[in-house]
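Reviewing the structure listed below.
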Amino acid sequence: MAIGDLRGLFAEQSLSFLAEIPYIYHCHHYNLFHDQTIDDALGEDEGARIRTAAAHNAFRDLLSAVYERSGATTPVERIALASELFQWMGQGKLHLDVGAGGGRARSASLHYGYAWREKYGARVKRVEPADAVAAGFAAAATELAFGLPSDAIAVTERKCVATRDAECEFDLTPAMGHPPLPPVDEMAVRRYVVPPVRGVDEDRIVAISQGLVEFMSGVQGDERGLIAAFNVFVTAHLPGYYNETIYETVHRAERTAPSSVPAIEALMQQAGQACVFFTFGNVLLSPEWEGLVGPPTGVSSDVISFCTSIARGLGFGHWLVNEYEPRKRLVLQCTSNYEVPFYRSRYGLAKKPRSYFIQGAAQAMMVLAEVVKWKERPQLSNDYYVDLFRAKPRYRVEQTKCLMRGDSISEYVVDAM
């Protein structure tokens, strides 16, 4: 069975599935920013532990579902299929030499380590490994190949391309297992959406997002296990990884250091800003986008519609423009997104709005529409990002409604300051 045959689409909600497990697309800029956000909030050691655990849980759910549908039962079949899947997702080409008691894994081209070296390696010396996602995947793949309980395998990355080693290397060792949590699968996702709503410029947004979905259906990892597209490194990734890392971090702070919560929530919003600036921005400037839609127009309302189309096309959910007044106000709404099902399934109703990613994304959409001079085809550098988002604030965002809280829709209001 080809991995692409395992894909499913909840088209009216712009949500994608792989063997009925949700998946989305994010680029290396966001992935690295997200991981750094978790480490900034928790410290490097605890951040790495949380990230590895989240990757393990997310990939265990995915691999279990893939094995069930493919009929892979033997350790050899399962290890081979896991490696193929990881490469297909653009996460890297990982060689697993493992048994029931653990073993080793290695790679010269993992998404996180490779992309970190490409983005920062010339000017920043990293001392901690970058590949918690691959580590969690390796542990989950080993457990499921040999019929072990969840968390029966511990993993340590002892060499990393991001720390200037030639390859990434992992040691896998026995550990104490425990029962896994139920997966947040397609059935769970469908429980936590509301009927789709038409927004401003809906017909054009639908047409563009459908074209992007079709384009992404042909995207997969190359011989290195990497996906180079839209001027970035792209990954097919698991919402469970992002959601578990974010919400475990925030809830831990609420329990142990409540005074730090506003700062941590601001970090999570900034990750959403970074996604729109780097991912959406590079998509808009890419030859692939020009082939699908055309060159940037510089018209602010176009940028808002295009960003909404990109969000849908990457599987982020049914985002819609409820109101847009150039230079003054944007009201973005969602009838579904990839944060809500995980939160409601794992934590129940939220006491306050918690869609941190889209809060930051909505704010960044306004900045991209009103400030960036698209016809000049700007270089979307880190320095430019800092200038746009960390200088004098131009816009503020408030999430006024939240599906996690039980509201009828999620709503994000961006106003000029």
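Read-outs: derived from the displayed coordinates by stated rules, not from any lab. All values reported here derive from a predicted model rather than from experimental measurement. Counting neighbours? That spans all protein chains shown, and the Cβs are built from the backbone with ideal geometry, glycine included.
Computed quantities for the displayed model
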{"read-out": "Residues with amide H under 5 Å from that of residue 233, placed H, sequence gap 5 or more", "value": "28, 29"}
{"read-out": "Positive-pole candidate from 150, 135, 337, dipole of the chain, charges at beta carbon", "value": "337"}
{"read-out": "For the chain, diffusion coefficient by Stokes-Einstein and Kirkwood Rh (Cα), 25 °C, 0.890 mPa s, µm²/s", "value": "114 µm²/s"}
{"read-out": "Debye, to nearest 20: dipole size of the range 180-272, +1 on Lys, Arg Cβ, -1 on Asp, Glu Cβ", "value": "220 debye"}
{"read-out": "Options 229, 363, 306, ranked by Cα towards positive dipole end of the range 186-416, top entry (Cβ charges)", "value": "363"}
{"read-out": "Cβ charges +1 (Lys, Arg) and -1 (Asp, Glu), total dipole of the range 1-107, debye", "value": "360 debye"}
{"read-out": "Aspartates and glutamates with Cα under 15 Å of residue 373, excluding same-chain neighbours fewer than 8 positions away", "value": "302, 387"}
{"read-out": "Euclidean distance of C-alpha centroids, the range 341-371 and the range 217-294, integer Å", "value": "12 Å"}
{"read-out": "Rough spin-label spacing in nm, given labels placed 7 Å along Cα→Cβ, for residue 159 and residue 181", "value": "3.5 nm"}
{"read-out": "Cross-link partners of residue 401 among lysines (Cα-Cα below 16 Å; sequence separation of 8 or more within a chain)", "value": "351, 352"}
{"read-out": "Whole-Hz ³J(HN,Hα) from phi, Karplus 6.51 cos²θ - 1.76 cosθ + 1.60, for the range 9-26, glycine and proline x", "value": "9, 8, 4, 5, 10, 6, 10, 10, 9, 10, 6, 6, 9, x, 9, 9, 10, 9"}
{"read-out": "Ordering of 385-396, 33-44, 303-314 by packing [mean C-beta count within 10 Å, highest first]", "value": "303-314, 33-44, 385-396"}
{"read-out": "Förster-model FRET efficiency, 51 Å R0, residue 127 and residue 299, C-beta, rounded to 0.05", "value": "0.65"}
{"read-out": "Packing rank of 243-256, 262-275, where each peptide gets the mean count of other beta carbons within 10 Å, highest leading", "value": "262-275, 243-256"}
{"read-out": "Efficiency of FRET from Cβ geometry, residue 166 and residue 191, R₀ 56 Å, rounded to 0.05", "value": "0.75"}
{"read-out": "³J(HN,Hα), Karplus 6.51/-1.76/1.60, whole Hz, each residue of the range 35-44, x for Gly, Pro", "value": "4, 5, 4, 5, 5, 5, 6, 10, x, 5"}
{"read-out": "Simple Cβ-charge dipole of the chain, Lys/Arg +1 and Asp/Glu -1, about Cα centre, in debye nearest 20", "value": "800 debye"}
{"read-out": "Three-way shape label, the range 3-174, alpha-carbon gyration tensor, a/c 1.5", "value": "oblate"}
{"read-out": "Mean Cβ count within 10 Å, highest first, over the residues of peptides 155-163, 334-342", "value": "334-342, 155-163"}
{"read-out": "Residue-wise HN-Hα coupling along the range 65-80, computed from phi with Karplus coefficients 6.51, -1.76, 1.60 (Hz; x: Gly, Pro)", "value": "5, 5, 5, 4, 7, 8, x, 6, 10, 7, x, 4, 4, 5, 5, 4"}
{"read-out": "Additional length obtainable on full extension of the chain from residue 257 to residue 84, 0.36 nm per residue less Cα span", "value": "58.1 nm"}
{"read-out": "Spin-label model distance (nm) - residue 76 vs residue 352, 7 Å beyond Cα toward Cβ", "value": "5.7 nm"}
{"read-out": "Using a Förster distance of 22 Å, the FRET efficiency for residue 266-residue 286 (Cβ separation, nearest 0.05)", "value": "0.15"}
{"read-out": "Folded to 0 to 90 degrees: helix 300-313 orientation relative to the chain principal axis, Cα", "value": "30 degrees"}
{"read-out": "Dipole of the range 260-417, positive end: most advanced residue of 381, 322, 267 [Cβ charges, Cα centre]", "value": "267"}
{"read-out": "Mean ellipticity per residue at 222 nm, deg cm²/dmol - from DSSP H runs of n ≥ 4 across the chain, formula -39500 (n - 2.57)", "value": "-14000 deg cm²/dmol"}
